[in-house]
1. Quick query: amide H of Leu132 versus all other amide H atoms, modeled in the peptide plane; which residues come in under 5 Å with a sequence gap of 5 or more or a different chain?
2. Provide the per-residue ³J(HN,Hα) series for region 66-78, in order, calculated from phi with Karplus coefficients 6.51, -1.76, 1.60 and θ = phi - 60°, each as a whole number of Hz, with x at glycine and proline positions.
3. Whole-Hz ³J(HN,Hα) for each residue in region 93-99, computed from phi via Karplus 6.51 cos²θ - 1.76 cosθ + 1.60 with θ = phi - 60°, x for glycine and proline: what do you get?
4. Going down the table (Lys47/Lys110; Lys51/Lys210; Lys47/Lys202; Lys202/Lys222), which pairs top 28 Å between alpha carbons?
5. Quick query: amide H of Val214 versus all other amide H atoms, modeled in the peptide plane; which residues come in under 5 Å with a sequence gap of 5 or more or a different chain?
6. Suppose the chain between Ala149 and Lys110 were pulled fully straight at 0.36 nm per residue; how much longer would it get relative to their current alpha carbon spacing?
7. Residue by residue, what Karplus-based ³J(HN,Hα) values in Hz, rounded to whole numbers, does region 46-55 have, using 6.51, -1.76 and 1.60 with θ = phi - 60° and x for Gly and Pro?
8. Under the rule of at least 5 residues apart or a separate chain, name every residue whose amide H is placed under 5 Å from the amide H of Met55.
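Just so it is clear, none of the values below were taken in a lab; they were calculated from the coordinates. Here the structure is a predicted model, which is why all the values come from computation and not from measurement. All Cβ positions, glycine included, derive from the backbone under ideal geometry; neighbour counts span all protein chains shown.
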Amino acid sequence: MGGYSNNFVINEDYAVHIPDNLPMDGVAPLLCAGITLYSPIKHWNVKPGMKVAVMGLGGLGHMGVKFAVAMGAEVTVLSHSPSKQDDAIAMGAHHFISTKNAENLLPLVKSFDLILNTVSAELDINDYLNLLKLDGTLVVIGLPGKPYAVHAGTLLNGRRSLSGSMIGGIPEMQEMLDFCAKHQIVSDVEVIKAEYINEAYKRTVANDVKYRFVIDASTFQKLCTSSAKIGAIAKAGKRFPTATLLMLSSFSAIQISMIPPTTVMAST
């Protein structure tokens, strides 16, 4: 919605104020991954004394860790990538458990008040439901390729709940931004130029992102100039590399946000 524009008009009801003390590159993913994790964390009233587990330490998961820690919870990261342990601890997580070996989960049975599942890969959700305390909730945030097979007994034992959450509204987004300003929370990002989008897409697919790509939108002008040249070549009936076309069509890859050099004009 205007992310590639130099300026655009927006109704003031749909605009948010970016606090001055937050860097724009780190803020960009907050408007997507940030609010996606902030919303369920607020809805389930995360507070000091609660034990929260975050499944997956990616673009979504790392925001869940930062928010839950800032709200005073004891946070455990459950990840299949042991190499991310140092990152998790640096973000404030109190514990890190590698899920490569399923036996590592056994000591955690009935441990958590809330589990935030940010994983999109297929897995046995029952293994994680068993980690919930009495009246605990597992919130599905990632989108698996296939539906979960949930055993009824896993829910009945401990009055556990399986729920889902997608994103928050504008008032909650502003609340999140103000919370981030207060606690100095931003997304961990790697800023790239438009011409790097192809490579960034490949790295995204390979799970080689720590933890969000952010495109410097000021570099789109050069890319648009290249696009105009391609149009001229096409009209002349000449051939051009497929990779060039891929670059022009890969603006919105997963885990990629933008720093828009935009002028926002609010309308009432």
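1. Hits under the 5 Å cutoff: Lys110, Ser111, Phe112.
2. Values, residue by residue: 4, 5, 5, 5, 5, 8, x, 7, 8, 10, 10, 9, 10 Hz.
3. Running phi through 6.51 cos²θ - 1.76 cosθ + 1.60 with θ = phi - 60° gives 4, 8, 9, 9, 10, 7, 9 Hz.
4. Correct reply: Lys47/Lys202.
5. Glu190, Val191, Ile192, Ser257
6. 12.0 nm
7. Ordered by residue, 3J(HN,Hα) equals 5, 8, x, x, 7, 10, 10, 10, 10, 8 Hz.
8. Residues meeting the amide H criterion: Leu78, Leu116, Asn117, Thr118.
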